[in-house]
Amino acid sequence: MVNLEKTALELIESPRKPPVLVRVKNAKKYFKLKKGIFSKNQQYVKAVDKVSFEIFKGETFGLVGESGSGKSTLGRVVIGLHEADEGEIYFEENEITALNKREFQKVRKEMQIIFQDPSGSLNPRMKVQELISEPFDVYTKMTKKEKEEKVATLLEKVGLGVEKKLSYPHELSGGQRQRVCIARAIALNPKFILADEAVSALDVSVQAQVINLLKDLQKELGLTYLFIAHGLNVVRYISDRVGVMYLGQLVEVAETEELFDHPLHPYSAALLSTNPVADPRKRKEKVVLKGEIPSPANPPAGCRFHTRCPIAQEICKTKVPDLVEIQEGRQVACHFPLLTNSKEETE
Amino acid sequence: MSNPAANNTDLNQVRVSANIKKSTAWTRLKKNKAAFSALIFLVLIHLLIFVGPFIWTVNPDATNPAGMLQGITASHPLGTDDLGRDVLARMMKGGQITLLVGFGAMFFTVLIGGLVGMLAGYYGKWVDIILMRFTEAMLSIPNFFLALVALTVFGKSPLMVVLVIAFTSWMEIARVVYGETLKWKESEFVEASEALGSSSVRTLYKHIFPQIIPSIIVSSTLGIAWAILTESAISYLGLGIQPPTATWGNMLQNAQQYIWTTPMLGVLPGVAIALVVLAYNFLGDGLRDALDPKHRGGK
């Protein structure tokens, strides 16, 4: 069922790009706020507001932004854990937003999630054996013996001893628990994994181990990751491309090194400048933003960032900047991208 | 946060730590003197009631007009009642019925309350609205009088008594289970299971239900006490299980005419009911603390 027209179009559009695995088009997700008895209007939290981007096969797409910027919601919309209110999501060029429940169940096997808190995402009353074989219970009719063999291989793959299958989650360390979560996620040989702050709850040394494990598995199994994190160094290390989110919108998408080298959106610049670098000689000037992130229930008109932007002009207050490709593989949603700034930054 | 056993790689050590963890609820219960003595008392009284009749084989329903209202004698250690029946045998037989009614009513109470609470909590929306409003409506009716009316209408067989008690007392458990389900529904492992593609029935059964079991155990222990008390009260009013089948409740009713002449007839079933109910309440409170250490204030 190949859509010829679309494939052709894609070829013309991006001759050198690898094939697209996930394509998000104008995705919107609003959450209803509780309405007071006397208020007339229903208010919405605009968690994800008209976001479009693509994830290529085999890459790691990092998603960064402040808390409350809608990163996690976007991730959940992509894998169908939240239903998008508007917009389309394509997985391998199939529109999954148009599928009914039963059809979606088949696609769901291909998309798995690793959560932030490994102790919260594992049922405390199940042993590792049961936890890892749960995907098989849901999707296959394997015998007990087959499942045990599978669990043993999976445990080995994520670097845990087979004897751990008899443990309960509370008997494992944080890193070991996250390895169990990873084993669960890769059990069904998915193509796409959403890692939602997957290493944020772990301490730094363990973070590195888990990230390297994720990288190894990516190579071995040809996985594609959507990696959500607020630790910028982690994102820089693992991601091929990075998207920056602010108040429910993508403000910049770029290849990792280019973004970290010279961010084009003033928000990206501010966000990246707060990132501590492990080199005392490198003194960067921090861009300190004024004020708090505005409420996503009532975002500013025009460019959403204009209330805090150091270079905002009149036009920013009225006209919404679109996310446009201004360089090869770089998309920015800003009226005044920091094109000149790049030289000062790189000394 | 992290368990001291977390870094053990040795299989045996992991096993040992699992055993330690398993025994903590039990050790906490053992430390609670009231609950633990209640448990011992309940074990003994259940042994007496259910094993006793095999040793003391006097027929509890055999009347003896020549030996009415006797005091303590060798052949009747607890005396006889107004029809010359052996009180010890009747206490054991009556205890069996009373406790079985208690267990049976508790079983149906937990079944109805658990199902209503879990379905309402998990599915939310209109299921929640219908079930929980119904629960609240049931709570607003004085359930003892509802039980009396139902028994008058539907008859007084032991099974009917069980069902009537269950249908008038499931609401408390439904509310407890409802609250717990709401809490666990938001947990990440439930979301993880949904992300995996589990069906809602599977999620409910495999992930939410096991978390609620401790609350259900506590509620059902307290529920037994309530059911015994209700059964006794209903039988005392003459609307419960009918003579000659003995229960502690109808023995009590029977005894009230002889309260001045043979007080033992009333005191024995009365004290038995009070002690068993008290013991179940102590045990229930103890279990609540033992199964959920957070209830004790600190962690």
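Of all DSSP beta bridges confined to the protein assembly as shown, the antiparallel ones make up roughly 60%.
Distance between the pseudo-spin-label points of residue B:278 and residue A:99 (7 Å out from Cα toward the beta carbon): 6.4 nm. Placing unit charges on the Cβ atoms of the charged side chains and taking the dipole of the protein assembly as shown about its Cα centre, the candidate lying farthest along the positive direction among A:129, A:239, A:329 is A:129.
Among beta bridges from DSSP that stay inside the stretch A:180-266, the antiparallel ones total about 55%. For residue A:58, the residues whose modelled amide H falls within less than 5 Å of its own, excluding neighbours fewer than 5 places apart on the same chain, are A:224.
Checking the a/c ratio against 1.5 first, then a/b against b/c, what shape does the Cα gyration tensor give for the stretch B:14-164? It is oblate, given that a/c is not under 1.5 and a/b is not larger than b/c.
Inter-chain Cβ neighbour count for B:193-206, averaged per residue, equals 5 (cutoff 10 Å, partner chain atoms only). Based on DSSP, what percent of beta bridges with both residues in chain A are antiparallel, to the nearest 5? Antiparallel bridges: around 60 percent, rounded to the nearest 5.
Annotation for the stretch B:123-191: GluC sites (Glu not before Pro) lying in DSSP loop with at most 15 further Cβ atoms inside 10 Å of their Cβ are B:186.
Absence of a disulfide-compatible partner, taken as no other cysteine beta carbon within less than 4.7 angstrom, is noted in chain A for A:181, A:309, A:334. Residue by residue along A:179-185, Cβ atoms of other protein chains within 10 Å of the local Cβ number 1 on average.
Between residue B:160 and residue A:257, the modelled labels are 8.6 nm apart [label points 7 Å from Cα along Cα→Cβ]. Within chain B, the selection of entire DSSP H helices by a Cα span of 15 Å or greater along the long axis and an average Kyte-Doolittle value of at least 1.6 returns B:33-55, B:143-154, B:158-169. Against the main long axis of the alpha-carbon atoms of chain A, helix A:4-13 sits at an angle near 50°. Ranking B:147, B:126, B:262 by how far each Cα lies toward the positive end of the dipole of chain B (charges on Cβ) leaves B:126 at the top.
Where does the protein assembly as shown land on the Kirkwood hydrodynamic radius, alpha-carbon pairs, in angstrom?
Taking every pair of different Cα atoms in the protein assembly as shown, averaging 1/r and inverting gives 29.7 Å.
Shown here for the stretch A:41-132: GluC sites (Glu not before Pro) in loop regions (DSSP other than H, G, I, E, B) with at most 11 other Cβ atoms within 10 Å, namely A:83.
For the stretch A:114-185, the list of trypsin sites (Lys or Arg not before Pro) that fall in a loop by DSSP and count at most 10 other C-beta atoms within 10 angstrom reads A:141.
The long axis of helix A:204-221 is offset from the longest Cα principal axis of chain A by roughly 80 degrees.
Per-residue ellipticity at 222 nm from helix content only, as computed over the protein assembly as shown with -39500 (n - 2.57) for each DSSP H run of at least four residues, stands at -16000 deg cm²/dmol.
The phi-based Karplus calculation (6.51 cos²θ - 1.76 cosθ + 1.60; θ = phi - 60°) puts the 3J(HN,Hα) values of the stretch A:258-268 at 5, 5, 6, 6, 9, x, 9, 8, x, 5, 4 Hz, whole numbers, x for Gly and Pro. Between the stretch A:285-330 and the stretch B:146-166, what is the separation of their alpha carbon centroids in Å? Going from one Cα centre to the other spans 70 Å.
The angle between the Cα long axis of helix A:128-139 and the longest principal axis of the Cα atoms of chain A comes to about 80 degrees, rounded to the nearest 10. Counting 0.36 nm for each residue step from residue A:106 to residue A:88 and taking away their Cα separation leaves a gain of 4.7 nm.
The stretch between residue B:25 and residue B:258 holds 79.2 nm of extra length on full extension. This uses 0.36 nm per residue minus the Cα-Cα distance.
Where a number appears in this text, it was derived from the coordinates with a stated rule and is not lab data. Keep in mind that what you see is a predicted model, and the values were worked out from it rather than measured. Note: ideal-geometry Cβ built from the backbone for every residue, glycine included; neighbour counts use all protein chains shown.
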